[in-house]
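**Q** Provided herewith is a single structure, encoded as structure tokens, for subsequent inquiry.
The values are calculated or read from the model by the stated rules, or taken from the named source; none is laboratory data. Note that the structure is predicted; figures quoted are calculated from it, not measured. No Cβ is skipped: glycine too gets one built from the backbone with ideal geometry, and neighbour counts run over all protein chains shown.
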Number of protein chains: 2
Amino acid sequence: MDGQYLPMSEAKVSVLDWGFLHSDATYDTVHVWDGRFFRLDLHLDRFFRGMEKLRMKLPYNRSDIEKILSNCIALSGHKSAYVEMICTRGGSPTFSRDPRDAENRFIAFAVPFGSVANSEQLERGLHVAISNTVRIPPKSVDSAIKNYHWLDLVKGLFEAYDSGAETALIVDINDNIAEGPGFNVFMVKNGRLKTPAYGVLAGITRQTVFDLCSELGLLVSTGDVDRGELKDADEVFITSTAGGIMSVTRIDETVVGDGTVGSVTRQLTELYWKKHVDPAWSRPIIYE
Amino acid sequence: MDGQYLPMSEAKVSVLDWGFLHSDATYDTVHVWDGRFFRLDLHLDRFFRGMEKLRMKLPYNRSDIEKILSNCIALSGHKSAYVEMICTRGGSPTFSRDPRDAENRFIAFAVPFGSVANSEQLERGLHVAISNTVRIPPKSVDSAIKNYHWLDLVKGLFEAYDSGAETALIVDINDNIAEGPGFNVFMVKNGRLKTPAYGVLAGITRQTVFDLCSELGLLVSTGDVDRGELKDADEVFITSTAGGIMSVTRIDETVVGDGTVGSVTRQLTELYWKKHVDPAWSRPIIYE
């Protein structure tokens, strides 16, 4: 932060920063696995696109940011981590209400790797509830900008907990499935994969599934997925930088397929983790 | 913050607080004019309702919070100020992703009074542009919860600046007028007032206009206001805790009415400021 490396307990942002007071910020999170960044280039692409759309500018280029992220990892000593880069609108020294007067700020931090699903859940598959809460539509907030507008997702999550589920999927304005708190969702039916297209974050792990499908010769498409279709799938899984590919074996009261982690999900998960040592997909971090 | 009073430059929130990382927070802002809180009770009502809806809990009751806000003002010495109270989800000490594990946090701060419109703009009326950006609908985020999801408003604001205007109005999902960055909007036609009802924040200054109308015998209603209707009004004004009642004399390329601050707007503005010394509407702060 502000050119300094600090322990996490000291990493704080001014309460007057519009990144906090207006959630006027974009961010990206890349993960490090066994000392290697996974697909960092794709995360940097999205981060820079988000900043451009929000008309934010930083005094750092891609390689500066890569270096800062590497330093965060090296200084923290984490071998497997979650590294977040953030650009906030910043604040105005004159209390101006004009966002053009603000000095945009960069923050980066590394925390230990975390997953949407714990190891037991990964083994047996997650129990997900579909909420009636509607994902903030792209006409309000461009979903191509990775953002912190999560109150819809948090509401869905509380509703899911109320119904005894472990996490949530929320819907789009047409009541089709959108996404969950920090993840995209895929279904497999008769060997073909499908994932929602409208108003969802274009997740890097989602993109990675497209790439893995192409390598494995699996057919995947994007399009509307309604509640019934999802429950009737042979397999369902979610994708997130926080955990990778994670099976869903129960949706509301419906058991998905035979209720265990499916073969397509297993095949993709295996290849996903193999790619973490592939130099085309990952890059080593230099620990001092 | 955390039971301490600090200079603003030291008032910082952890980057790991979900109030920042998920904009999982509610807040309210009350203003102090000439050493008196204005309608503090209404702001506290809304703040507590928002926390309840977000399932947040603080170890403070209403009178504790009132005391903290008074102390912020007294310590800052401001006679006219903007006082913000915030409840964030907080963070989890174990990096859990479950918001139920978080310890909710309270933050309050006082800054000098600021206005949407400067004194020149108040005198001649604001120039507002109507954006095509859609206000986040209530099916996504309950507009009764005052929140920091502002990327739609910020986008509208940038578009307004691009077109040479001074601030923005954004629309609802049916392309009717919703609200602007931090304010509601009213129109006056043939002596009757109207303000949008759907998906807008129930502003305290908006409520105050209802109360002033009732006192002055003016008719006011809530309902859909389309772009043409607004531009065809005799008078238009916006309402915000940050500035009170502020005239709009130009919308896009259209001059509103005769292009000067209208008589109903003037009458309401005058009574609005008079109420700031009325003990029924305001309460003195005890400066030590």
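**Q** For segment B:86-96, how many residues meet the condition of being out of contact with any helix residue (DSSP H, G or I) (no Cβ under 6 Å at 6 or more places or on another chain) and crowded, with 16+ Cβ neighbours inside 10 Å?
**A** Result for segment B:86-96: 3.
Yes or no, residue by residue, for (1) touching a Leu at 6+ places or on another chain (Cβ under 6 Å); (2) farther than 19 Å from A:Leu21 by Cβ:
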| residue | (1), (2) |
| --- | --- |
| B:Leu6 | no, no |
| B:Glu10 | no, no |
| B:Phe20 | no, no |
| B:Val30 | yes, no |
| B:Arg36 | no, yes |
| B:Tyr60 | no, yes |
| B:Asn71 | no, yes |
| B:Ser80 | no, yes |
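**Q** Kindly list, by first and then second residue, each pair from a residue in segment B:158-180 that is within 11 Å of another protein chain (Cβ to nearest Cβ) and in contact (Cβ under 8 Å) with a residue 12 or more places away in the chain to a residue that is aromatic (Phe, Trp, Tyr) and outside any strand (DSSP E or B), limited to pairs with Cβ atoms under 7 Å and residues at least 6 apart or on different chains.
**A** Going by the 7 Å Cβ cut-off, the qualifying pairs are B:Asp172/B:Tyr198.
One line per residue, one yes/no per condition, for (1) in contact with a Leu (Cβ under 9 Å, 6 or more places away or on another chain); (2) charged (D, E, K, R):
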site: A:Ile107; (1), (2): no, no
site: A:Ala110; (1), (2): yes, no
site: A:Gly114; (1), (2): no, no
site: A:Asp172; (1), (2): no, yes
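**Q** Let me ask something additional. Out of A:Ala168, A:Ala178, A:Ala160, I need the residue that is more than 21 Å from B:Val200 (Cα to Cα), over 18 Å from the mean Cα position of the chain (by Cα) and crowded, with 23+ Cβ neighbours inside 10 Å. Which one?
**A** A:Ala160
**Q** Sticking with this one: If you check every pair at least six apart or on different chains, which have Cβ atoms under 9 Å apart with a residue in segment A:237-263 that is at positive phi first and a residue that is polar (S, T, N, Q) and at pLDDT 95 or above second?
**A** Going by the 9 Å Cβ cut-off, the qualifying pairs are A:Gly243/A:Thr205; A:Gly244/A:Thr205; A:Gly244/A:Thr208; A:Gly244/A:Thr269; A:Asp252/A:Ser163; A:Gly257/A:Thr249; A:Gly259/A:Thr249.
**Q** Next question, about the same structure. Condition (residue is within 11 Å of another protein chain (Cβ to nearest Cβ), touching a Gly at 6+ places or on another chain (Cβ under 9 Å) and not hydroxyl-bearing (Ser, Thr, Tyr)) applied to segment A:148-155: is it met by at least one residue?
**A** Yes: segment A:148-155 contains one or more residues that are within 11 Å of another protein chain (Cβ to nearest Cβ), touching a Gly at 6+ places or on another chain (Cβ under 9 Å) and not hydroxyl-bearing (Ser, Thr, Tyr).
**Q** When only residues in segment B:10-26 that are at the interface with chain A (Cβ under 8 Å from one of its Cβ atoms), not hydrophobic (A, V, I, L, M, F, W, C) and not in a loop (DSSP other than H, G, I, E, B) count, which is surrounded by the most Cβ atoms within 10 Å (Cβ to Cβ)?
**A** B:Gly19
**Q** Restricted to segment B:97-138, and to residues that are small (Gly, Ala, Ser) and in contact with a helix residue (DSSP H, G or I) (Cβ under 7 Å, 6 or more places away or on another chain), which residue is farthest from the other protein chains (Cβ to nearest Cβ)?
**A** B:Ala129
**Q** Turning to a different aspect of this structure: Going by the conditions given, is A:Asp2 more than 9 Å from chain B (Cβ to nearest Cβ), loosely packed, with under 14 Cβ neighbours inside 10 Å and on the phi > 0 side of the Ramachandran plot?
**A** In short, yes.
**Q** Could you grab me the full set of residues in segment A:11-27 that are of a type in the set (D, E, K, R) and either under 17 Å from B:Lys146 (Cα atoms) or outside the structural domain of A:Ile107 (by TED's automatic domain parsing) (or both)?
**A** Residue satisfying the conditions is A:Asp24 alone.
**Q** Determine which member of the set A:Ser14, A:Ser63, A:Ser76 is of a type in the set (Gly, Ala, Ser) and without any contact (Cβ under 8 Å) to a residue 24 or more places away in the chain.
**A** A:Ser63
**Q** Taking segment B:250-265 only, how many residues are of a type in the set (S, T, N, Q) and either in contact with a helix residue (DSSP H, G or I) (Cβ under 6 Å, 6 or more places away or on another chain) or more than 18 Å from B:Lys194 (Cα to Cα) (or both)?
**A** Here the count works out to 2.
**Q** A follow-up question, please. Which condition from (1) touching a strand residue (DSSP E or B) at 6+ places or on another chain (Cβ under 6 Å); (2) over 30 Å from A:Ala117 (Cβ atoms); (3) modelled with pLDDT under 95 is the one that B:Val15 breaks?
**A** (2)
**Q** When you scan segment B:124-146, how many residues do you find that are of a type outside the set (Lys, Arg) and farther than 19 Å from B:Val185 by Cβ?
**A** Final tally of qualifying residues: 4.
Quick grid of which residues meet (1) on the phi > 0 side of the Ramachandran plot; (2) of a type outside the set (A, V, I, L, M); (3) outside any helix (DSSP H, G or I):
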| site | (1), (2), (3) |
| --- | --- |
| B:Thr29 | no, yes, yes |
| B:His43 | no, yes, no |
| B:Glu52 | no, yes, no |
| B:Val116 | no, no, yes |
| B:Glu123 | no, yes, no |
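**Q** Out of all the residues in segment B:59-96, which are assigned to a loop (DSSP other than H, G, I, E, B), small (Gly, Ala, Ser) and more than 14 Å from chain A (Cβ to nearest Cβ)?
**A** Across segment B:59-96, the qualifying residue is only B:Gly77.
**Q** Checking B:Ile145 against (1) more than 24 Å from B:Val261 (Cβ to Cβ); (2) over 18 Å from the mean Cα position of the chain (by Cα): exactly one of these is not met. Which one?
**A** All conditions pass for B:Ile145, except number (2).
**Q** Counting only residues that are within 14 Å of chain A (Cβ to nearest Cβ) and in contact with a strand residue (DSSP E or B) (Cβ under 9 Å, 6 or more places away or on another chain), which one in segment B:32-54 is surrounded by the fewest Cβ atoms within 10 Å (Cβ to Cβ)?
**A** B:Lys53
**Q** Hey, another quick one. Restricting to segment B:244-260, name every residue that is surrounded by fewer than 22 Cβ atoms within 10 Å (Cβ to Cβ) and out of contact with any His (no Cβ under 6 Å at 6 or more places or on another chain).
**A** B:Asp252, B:Glu253, B:Thr254, B:Val255, B:Gly257, B:Asp258, B:Gly259, B:Thr260
**Q** Is it the case that some residue within segment B:127-143 is in a strand (DSSP E or B) and closer than 24 Å to B:Gly50 by Cα?
**A** yes
**Q** Right, another one. Just for segment B:110-130: of the residues that are of a type in the set (A, V, I, L, M, F, W, C) and surrounded by fewer than 21 Cβ atoms within 10 Å (Cβ to Cβ), which one is nearest to A:Tyr82 (Cα to Cα)?
**A** For segment B:110-130, the residue satisfying everything is B:Val111.
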